[in-house]
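Single-structure report; data block below.
Only the coordinates and a few stated rules stand behind these numbers; no lab work does. All values reported here derive from a predicted model rather than from experimental measurement. Because the Cβ atoms are built from the backbone with ideal geometry, glycine has one as well, and the counts that use them run over all protein chains shown.
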Amino acid sequence: MKKITVDTHGHRVDIEVSYWNGRERITYNGQVVSDKKSFLFVSPHIFTVVEDGTNVVYEVNLLSGLFQIGFVVRRNGIAVASSS
């Protein structure tokens, strides 16, 4: 599995993706928040967490191609990280 780590606002989002079986797992500060299999070109993962007493919505979009993985991470609708 390929692993990508994004640090944002003092928190850690880990993205794990398998080219072979379509497995996608997103963890937030070490806790699994999304886990699924997908062979779609764009695969969204949306989860809500509490940061400093406030609900925060994260959206992680995985972009798949032939042996390539791209991503965009949004926090409350604002992009905080992406692949280049």
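One table, with the values for the structure above:
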{"quantity": "Other-chain or far-sequence residues with amide H under 5 Å of Val80's (modelled H)", "calculated": "Val73, Arg74, Arg75"}
{"quantity": "The chain, Cα convex hull volume normalised per residue, Å³", "calculated": "84"}
{"quantity": "Estimated distance in nm for a label pair at Arg23 and Asn55, the labels positioned 7 Å out from Cα along Cα-to-Cβ", "calculated": "3.2"}
